[in-house]
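J.: A single structure is presented below for examination.
The values are calculated or read from the model by the stated rules, or taken from the named source; none is laboratory data. Remember, predicted model here, so these are calculated numbers, not experimental data. Quick reminder, even Gly has a Cβ in these numbers, built from the backbone with ideal geometry, and neighbours come from all protein chains shown. Note: accessible area is taken over every heavy atom of the protein model, side chains too, but ligands, DNA and RNA are not part of it. Shrake-Rupley method; radii C 1.70, N 1.55, O 1.52, S 1.80 Å.
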Amino acid sequence: MRENEAADGRATRADQGQRRTNLAQSRSRETRHALLQAAIALWRTKGFAGTTVADICQAAGVSKALFYFYFPRKEDALLEAGFLSTRDARQKWRELVAQPYDLFEVIAAVLATLERMMRRNPPELLVETTLEGYRAEQRALAEGSSREHHATRFLFLELLERARADGKLPPGADVLHIARVAQTLLETGTRHWAAGEYGERGLAEVVGHDITAFIVGCNEIGQRTP
């Protein structure tokens, strides 16, 4: 009997410990999300350079120490906000490849979804986000990049891996290289689009054409290579 009671007590304490852990994790996610939402709102109105960490913390109702617990630098918060802005675009391709699909139509749909999100932000913020993306890439290369970094950094990597597995790309296609070039085309295109250099043409139209042309060219060269 005593052994059973002791076992029950240990189980109860373990249960309580797990609940506390889950609660702490939930609060941590909520705080991180609140900081990012406050930062994005301020960046849209005051600009990235004109917004300080103190401004973000005041808007989110947290201390600067807590901000730096989650983000070593303001630029790190910008990078994460940039990744969050691609969430709908990533979800879009996952929905589309769940049924028979054309790779280039999926890429066009992903870019159209991303463009709709981008239109909510001022041009200066779009440019700053792409530039910080380049800086992050250089840091990752210097430190030795990882698979997780690639999946986060390159919008089309997982889609291209899926397309290769589905026979939409040749078995030997270097999807990491294609994803890296596609990301470069996307970020360069974003800067030009934000500056108004495409006129009436949308980001999805121009960048979609460029990425499609690059992938088709890679496939043709691969077929001619012995």
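J.: Looking only at residues in segment 195-219 that are of a type in the set (A, V, I, L, M, F, W, C), modelled with pLDDT of 95 or more and surrounded by 16 or more Cβ atoms within 10 Å (Cβ to Cβ), which one is nearest to Phe156 (Cα to Cα)?
T.: Restricting to residues being of a type in the set (A, V, I, L, M, F, W, C), modelled with pLDDT of 95 or more and surrounded by 16 or more Cβ atoms within 10 Å (Cβ to Cβ), the top hit is Ile211.
J.: Another question, then. Output yes when any residue across segment 86-99 is outside any helix (DSSP H, G or I), loosely packed, with under 14 Cβ neighbours inside 10 Å and among the acidic types (Asp, Glu), and no when none is.
T.: Scanning segment 86-99 turns up no residue that is outside any helix (DSSP H, G or I), loosely packed, with under 14 Cβ neighbours inside 10 Å and among the acidic types (Asp, Glu).
J.: Since Leu155 meets every condition but one in (1) farther than 19 Å from Val110 by Cβ; (2) surrounded by 14 or more Cβ atoms within 10 Å (Cβ to Cβ); (3) not polar (S, T, N, Q), which condition does it not meet?
T.: (1)
J.: Tell me, yes or no, whether segment 167-185 has at least one residue that is among the acidic types (Asp, Glu) and either within 18 Å of Ala109 (Cβ to Cβ) or under 19 Å from the mean Cα position of the chain (by Cα) (or both).
T.: no
J.: Moving on. Let me confirm something: among Val53, Val127, which residue is within 24 Å of Glu205 (Cβ to Cβ) and either over 15 Å from the mean Cα position of the chain (by Cα) or of a type in the set (D, E, K, R) (or both)?
T.: Checking each option against the conditions leaves just Val127.
J.: Can you tell me which residue within segment 169-181, out of those that are of a type in the set (A, V, I, L, M, F, W, C) and free of Cβ contacts under 8 Å to residues at least 60 places away in the same chain, is most open to solvent (accessible area, probe 1.4 Å)?
T.: Only one residue tops the list, namely Leu176.
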